[in-house]
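J.: After the structure tokens below, expect a handful of questions from me.
Bear in mind these aren't lab numbers, they're just calculated from the coordinates by the rules spelled out. Note that this is a predicted model, so its numbers are computed, not measured. Here the Cβ is made from the backbone with ideal geometry for all residues, glycine too, and neighbour counts use every protein chain on show.
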Amino acid sequence: MSASERALLDRADQLLVKRCMRGRGIPYWTVPRLSEEESRGVGYVLDDVAWAREHGYGSRLRYKELAAKRSDPNLIHRNGLTGQRLIAYTEALYGGPGTPTLSVRVPGGGTISSQLGGCHGTALEGLYGDRATWFRVDKIAANLTPLYGAELRNDPRFTSAVTAWSRCMRSGGHPYPDPDAAHGAAVRATARDTGTAPGAADEQRAFAAEVRLAVAEATCAVKSGLGKTGRALETEYRNELDGVYLDALAEHDRIERRALARARDITGARP
């Protein structure tokens with residue numbers, strides 16, 4: 001799904017939670033998220049030059065998101081509660097001690113468990129239908145990479161594109177063997193983890209360096225075709241999955257598309 005469609009699902013989910021909480025006499029506020037433009041992730045390699053020029057690797061966006069969470073009226077309200085009022089609020093939102101635990105074994109091993117109760121659980125069912133089914137297929141779909149990740153990264157088409165990307169980066173004065181190395185360098189260079197707010201002199205210098213590296217990465221990703229190759233191979237390998245995982249992916253897609261139609265009705269958005 002596109003970033004705008006995911007934002008629509010999030011908006012509908014918040015409205016359903018608000019409706020449920022207000023029905024229990026408890027205040028709840030919907031909170032604006034980052035815009036579609038801002039919420040885009042970098043992924044394995046950044047290949048949008050315009051986005052990189054504007055946002056670098058997104059450090060300022062992460063700071064903005066963190067600041068928004070700190071000022072979330074729901075968090076502020078909850079932090080002001082104590083004793084039974086806090087217990088009542090938490091149980092209304094997330095469910096109480098009797099809330100069933102949902103568990104699913106994910107590809108590559110391991111189990112993910114969660115208690116999807118309270119108004120969050122009610123909202124999930126309002127969007128996606130049976131919460132246990134959605135939980136199962138959603139966690140499987142989000143954790144398929146272990147089934148083919150190593151094979152994809154060793155695919156000659158992929159390694160060739162990475163080599164071409166690295167050669168392009170080296171010619172521009174950025175000697176990194178792969179995007180992971182460039183991302184690590186960006187994290188070390190940025191001042192974001194010091195808590196410095198955007199606009200401070202040190203932060204501006206760090207952000208300028210972040211942008212230069214991000215633009216170089218994106219430019220080389222386009223020239224080498226690394227971003228395009230990676231996405232094509234991701235689709236190819238996922239399409240080769242069979243059995244329970246293929247069935248789970250198909251069910252995930254059907255449920256998500258139905259949820260999107262419901263989200264449009266809930267929010268009043270046009271298709």
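J.: With no solvent and one equal point scatterer per Cα, compute the Debye intensity ratio I(q)/I(0) for the range 14-94 at 0.11, 0.25 Å⁻¹ and report its log10, rounded to two decimals.
T.: For the requested q values the scattering log ratios are -0.45, -1.17.
J.: To the nearest 0.05, how large is the calculated FRET efficiency for R254 and E65 if R₀ is 45 Å and r is the Cβ-Cβ distance? Walk me through the intermediate numbers first.
T.: Values: r = 31 Å, r/R0 = 0.68.
Plugging the Cβ-Cβ distance into 1/(1 + (r/R0)^6) gives 0.90.
J.: Return the calculated 222 nm mean residue ellipticity for the chain, to the nearest 500 deg cm²/dmol, obtained by summing -39500 (n - 2.57) across DSSP H runs with n ≥ 4 and dividing by the residue count. Walk me through the numbers before you get to the answer.
T.: On the way: 13 runs with 182 residues, N = 271.
Taken over the chain, the calculation gives -21500 deg cm²/dmol.
J.: Quote the charge dipole size of the chain about the Cα centre in Debye, to the nearest 20; the model charges only the Cβ of Lys and Arg (+1) and of Asp and Glu (-1). Mind dumping the intermediate values first?
T.: Numbers: 38 positive and 33 negative charges, 156 e Å.
Computed about the Cα centre, the dipole is about 740 debye.
J.: Related question: Run the numbers on the chain and let me know its relative contact order in percent, using alpha-carbon pairs under 8 Å that are six or more apart. The partial results should precede the final answer.
T.: Values: 290 pairs, mean separation 77.0, N = 271.
Dividing the mean separation by the residue count of the chain yields 28 percent.
J.: Let me ask something else. Testing the spin-label approximation: label points 7 Å from Cα along Cα→Cβ at R40 and R270. State their distance in nm.
T.: According to this spin-label approximation, the distance is 2.4 nm.
J.: May I ask you to order 179-189, 210-220, 141-151 by the average number of other C-beta atoms within 10 Å around their residues, highest value first?
T.: So the peptides 179-189, 210-220, 141-151, ranked by packing, come out 210-220, 179-189, 141-151.
J.: With each label point set 7 Å from Cα along the Cα-Cβ vector, what nm distance links R22 and E240?
T.: Reported label-point gap for R22 and E240 is 5.1 nm.
J.: To the nearest Å, what is the center-to-center distance of the range 84-122 and the range 221-271, using C-alpha atoms only?
T.: 26 Å
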